[in-house]
1. Please give me the summed charge of the neighbours of L65: other residues whose Cβ is under 14 Å from its Cβ, Lys and Arg +1, Asp and Glu -1.
2. Helix-derived [θ] at 222 nm for the chain: sum -39500 (n - 2.57) over DSSP H runs of at least 4, divide by residue count, nearest 500?
3. Checking the table K60/K156; K97/K129; K67/K112 against a 29 Å threshold on Cα-Cα, which pairs fail?
4. Set the Förster radius R0 to 45 Å, insert the Cβ-Cβ distance between E198 and T61 as r into 1/(1 + (r/R0)^6), and round the FRET efficiency to 0.05.
5. Calculate, in nm to one decimal, what D172 and E121 gain on full extension: separation in residues at 0.36 nm each, minus their alpha carbon distance.
6. Using only Cα atoms, locate the centre of segment 54-118 and the centre of segment 15-37, then give the distance between them in Å, rounded to an integer.
7. Would you mind calculating the relative contact order of segment 62-128 from Cα pairs under 8 angstrom and at least 6 residues apart, reporting the percent as a whole number?
8. Using a cut-off of under 13 Å, list every residue of segment 62-86 whose amide N is near the label point 7 Å from the Cα of F128 along the Cα-to-beta-carbon line.
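Each value in this text was obtained by applying a stated rule to the coordinates, not by laboratory testing. Please read these numbers as outputs of a predicted model, since none were measured by experiment. Cβ atoms come from the backbone with ideal geometry, glycine included; neighbour counts cover every protein chain shown.
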Amino acid sequence: MSLISDAGTPLLSDPGRLLVNQCIEKKIKVVPIPGVSSITTAMSVSGYKDRFLFYGFLPKTENELNKVLSSLSHQIFSQVFFIPAIKINFYLNRFKKYFSGRKILIAKEITKIHETFFRDEVNDLNMFKSKIKGELTVIISEKNIKDKDKVLDKEKIVNKAKKYLKKYSLKDTVDLILETEDVNKKEIYQLCLKIKNEKNN
């Protein structure tokens, strides 16, 4: 069975994630047709939300790596890395520390005969016991924030709302805020509406 788009790569700003996730859940092999790079090719079969950050190769030294991952761990979007296969266990150990609660996809030899996709929960990751070659494309899923854990930084939201409302409509302002803040939409809407009404009075 094929999932085909009339333009671009399916699942990247394009419907189909529901189908891919059903296949993943039922252990049905999902094979991507090569995109323009391993980034989009791997993302298209990840099953993760398609708002993602591409970092590239991570730092090699532990101190610098810890700084970078500490900063990235606060980002809510999926994240894509290139990792030398020979160093995979070094990085997986750090992922377990900084990306707990997320999912991971490790793509190996995409489009080649031995193409392999390793899928797991970051918390359940096992280290690779045998050496693997080449470069890996590794994707960490979006951050899943439970409603009870969401904290509304009211001052931050108010400042953004005042700035956006000078140029954009109420609806566009809410959408812009939600692009970077994983909080309750209704709560943001009410706050923006209040600011807009105060401005008009």
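1. Working: positive: K60, K67, K87, R94, K96, K97; negative: E62, E64.
Charge balance near L65 sits at +4.
2. Values: 7 runs with 77 residues, N = 201.
Helix-only estimate at 222 nm: -11500 deg cm²/dmol.
3. Listed pairs above 29 Å: K60/K156; K67/K112.
4. Numbers: r = 50 Å, r/R0 = 1.11.
Here the calculated transfer efficiency is 0.35.
5. Details: separation 51, 0.36 × 51 = 18.36 nm, distance 3.49 nm.
Full-extension gain reported as 14.9 nm.
6. 20 Å
7. Numbers: 51 pairs, mean separation 19.3, N = 67.
The normalised contact order for segment 62-128 reaches 29 percent.
8. 82-86
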